[in-house]
Structures are given as structure tokens and as C-alpha cells.
1. Scan region 125-142 and report the pairs whose first residue is hydrophobic (A, V, I, L, M, F, W, C) and whose second residue is exposed (fewer than 15 other Cβ atoms within 10 Å of the Cβ) and at pLDDT 90 or above, with Cβ atoms within less than 7 Å and a gap of 6+ or a chain change.
2. Assuming Gln52 fulfils every condition listed in (1) over 27 Å from Lys7 (Cβ atoms); (2) touching a Lys or Arg at 6+ places or on another chain (Cβ under 9 Å) apart from one, which condition is it?
3. For region 1-57, give me each residue that is basic (Lys, Arg) and in contact (Cβ under 8 Å) with a residue 12 or more places away in the chain.
4. From the list Ala75, Ala95, pick out the single residue that is surrounded by 15 or more Cβ atoms within 10 Å (Cβ to Cβ), in a helix (DSSP H, G or I) and of a type outside the set (Ser, Thr, Tyr).
5. On the given criteria, is Ile69 under 13 Å from Thr122 (Cα atoms) and touching a residue at least 24 places away in the same chain (Cβ under 8 Å)?
6. Considering only region 81-103, state which residues are polar (S, T, N, Q) and modelled with pLDDT of 95 or more.
7. Among the candidates Asp84, Asp89, single out the residue that is assigned by TED's automatic domain parsing to the domain that holds Asn121 and touching a helix residue (DSSP H, G or I) at 6+ places or on another chain (Cβ under 9 Å).
8. Confirm whether Arg106 is in a helix (DSSP H, G or I), over 24 Å from Leu136 (Cβ atoms) and modelled with pLDDT of 90 or more.
Amino acid sequence: MTLDEIKQRFVNEIKLRAYDDKYVDRNEEREILQIAVQLGVGVDSARAALAQVCGANQYVLESGVLKLIQDQIEAAMGDDGKVDRQEFDTVYQTAALAMQGKKTERQIKTMIVQVMEDTGNTKVKTGWFSDWYAALKKDLGVA
């Protein structure tokens, strides 16, 4: 199967799963990648082709947004080893743009907190009498 045929198959598989919301979550991505592997395509090649097809057709690929969030959090941690509220808000703005309105503010912030927790990047700058991160987690129901 040629690369063009695989891409066309990806377009068809994406349309089957994400046509209504133009959002490919991790479960749908896993299903599509399994089909590619069954067709004899390597995982890395399949993932790259999937990202290319999603980009060309304005579909949001959740794993791509999660990777973007992780990179942004790591960059924010890089200067002093902590994330402050302003840096968190910057990560949120970037993720919201990447989501193209597919998720709510609450869902995006929950994703960011989950990435921070999963990667262990939970050191935050707090004020004298307030901890914005703990308050945010409590508000989101993640605490």
C-alpha cells in the first residue's frame, strides 16, 4: 500500500470517527494507528501521516495538543523550576488556540493540570497566603 493510499485510508477512518466534532481523541487515534499497523505501516510513519492528514483537514489531534502542553510546561519550568500563574495562563492560551474551540475552558485547564501531574511538573510559585494551583485543582475537581 502506498503512502497516498494510506493517507486516503486515514482520511476515511478519521471521517468515520471524528466527522461530527473534528476532534481525534487518544482512543480514536489508537484505533486508527492499529489499522495502519495491520496494513504493514510502521507506528512512527503512521503517526506522522495521521498528524499530517489531521492538519490538512483541520482536525484536532488530542495527542498533539497534549504534547504541546507538555512542551510548554517544561519550558515554563526551565527558567526557575516552577510554574507561576501567568505561565499557566500562557500555556492555557496556547492550548485553547490549538483546540480550535473543541473543548471548554474547564476541560482544557483540566488537561493541563493532568499533564502537570502525570509528568511530575507540579512545583508552582505561590503567594504568601495563597496557592493558586491547589485552588485551581479543587475548582476543577482534580484535587
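1. Here the result reads Leu140/Arg106, each pair linking region 125-142 to a residue that is exposed (fewer than 15 other Cβ atoms within 10 Å of the Cβ) and at pLDDT 90 or above.
2. (1)
3. If we filter region 1-57 for residues that are basic (Lys, Arg), which is where we start, we get 7, 9, 15, 17, 22, 26, 30, 47.
Lys7, Arg9, Arg17, Lys22, Arg26, Arg47 - these are the residues of region 1-57 that are basic (Lys, Arg) and in contact (Cβ under 8 Å) with a residue 12 or more places away in the chain.
4. Values: Ala75 fails: surrounded by 15 or more Cβ atoms within 10 Å (Cβ to Cβ).
The match here is Ala95.
5. Values: under 13 Å from Thr122 (Cα atoms): no; touching a residue at least 24 places away in the same chain (Cβ under 8 Å): yes.
The answer is no for Ile69.
6. As a first pass, look at region 81-103 and keep what is polar (S, T, N, Q): 86, 90, 93-94, 100.
Within region 81-103, Thr90, Gln93, Thr94 qualify.
7. Details: Asp89 fails: touching a helix residue (DSSP H, G or I) at 6+ places or on another chain (Cβ under 9 Å).
None of the others qualify; the one that does is Asp84.
8. Criteria not met by Arg106.
The values are calculated or read from the model by the stated rules, or taken from the named source; none is laboratory data. Quick caveat: nothing in here was measured; it's all calculated off a predicted structure. Here the Cβ is made from the backbone with ideal geometry for all residues, glycine too, and neighbour counts use every protein chain on show.
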